[in-house]
């Protein structure tokens with residue numbers, strides 16, 4: 001089998017993973033049929049997790065392992081959860097990928113692993129306070145394409161926000177792989193962050209404060 005990561009890329013990732021502070025568990029949800037990118041996504045995750053002893057990978061089938069998929073709110077394949085692992089304890093931070101994290105989104109995958117390993121979002125105090133005080137669920141779906149250089153910053157910001165409160169879930173959605181969802185939310189440019197299934201939208205990679213303001217507006221609707 002031909003490797004997806006060449007030696008140069010593998011060496012760069014291995015070097016980045018030298019900074020992993022705590023174990024990270026990746027949960028992958030594939031599908032036996034009708035899933036164009038499932039095999040590629042699983043192979044990519046296998047190659048990535050092999051680059052550090054601090055990383056684990058669990059492989060599930062979204063149809064055969066319905067109970068696990070429901071537990072982690074996974075309804076698309078390929079689907080990925082980046083979680084913290086402490087002993088036998090898995091802590092779900094709400095960090096999700098729907099679709100293969102290829103192209104520029106490979107950066108998001110690697111950065112998310114490093115951020116989850118720190119157990120700290122790194123967001124500013126005002127943003128953290130707002131998120132910790134939330135009492136309503138927030139779903140952030142960041143629509144991306146692999147060729148979009150601005151998309152990773154939007155994805156990583158949403159994932160950082162999910163780390164601050166179990167009520168927040170953030171999902172990278174590869175727009176081309178899920179065209180019906182993209183059409184449903186009128187995605188015409190990426191990145192687009194859709195809040196609570198269309199109650200709010202942010203187009204472009206924006207600062208923390210802008211996304212917070214749109215979340216506030218969406219929750220007030």
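Bear in mind these aren't lab numbers, they're just calculated from the coordinates by the rules spelled out. Given the structure is predicted, the values throughout are model-derived calculations rather than measurements. Ideal geometry is used to build each Cβ from the backbone, glycine not excepted, and the neighbour counts take in all protein chains shown.
A few comments on the model shown:
- Fraction of antiparallel bridges per DSSP, the chain only, in percent to nearest 5: 55 percent
- Sites residue 210 and residue 58 - FRET efficiency at Förster radius 25 Å, r taken between beta-carbons, to 0.05: 0.10
- From the alpha carbon centroid of region 133-182 to that of region 54-114 is 13 Å.
- Degrees separating the helix 105-118 axis from the principal Cα axis of the chain, which is the longest one: 80 degrees
- Förster-model FRET efficiency, 30 Å R0, residue 136 and residue 203, C-beta, rounded to 0.05: 0.85
- Helix axis angle, 208-220 relative to the chain longest principal axis, alpha carbon, degrees: 60 degrees
- Here the simple spin-label model places points 7 Å from the Cα toward Cβ, and for residue 33 and residue 184 these points are separated by 2.4 nm.
- Calculated FRET efficiency, residue 73 to residue 8, Cβ-Cβ distance, R0 = 25 Å: about 0.10 to the nearest 0.05.
- By the equivalent-ellipsoid construction on the alpha carbon gyration tensor, region 7-118 comes out with semi-axes of 22, 17, 11 Å, ordered largest to smallest.
- Value of Rg/Rh across the chain [Cα atoms, Kirkwood radius]: 0.94
- Degrees between helix 38-49 axis and first principal axis of the chain (Cα, 0 to 90, nearest 10): 80 degrees
- Helical mean residue ellipticity (222 nm; -39500 (n - 2.57) per DSSP H run of 4+; nearest 500) of the chain: -11000 deg cm²/dmol
- Highest mobility in the GNM of the chain, judged by mean-square fluctuation with C-alpha springs under 10 Å and restricted to 185, 97, 29, is found for 185.
- Per the Kirkwood formula applied to alpha carbons, region 58-168 shows a radius of gyration over Rh ratio, Rg over Rh, of 0.95.
- For region 125-220: rounded, prolate or oblate by the Cα gyration tensor [a/c cutoff 1.5]: prolate
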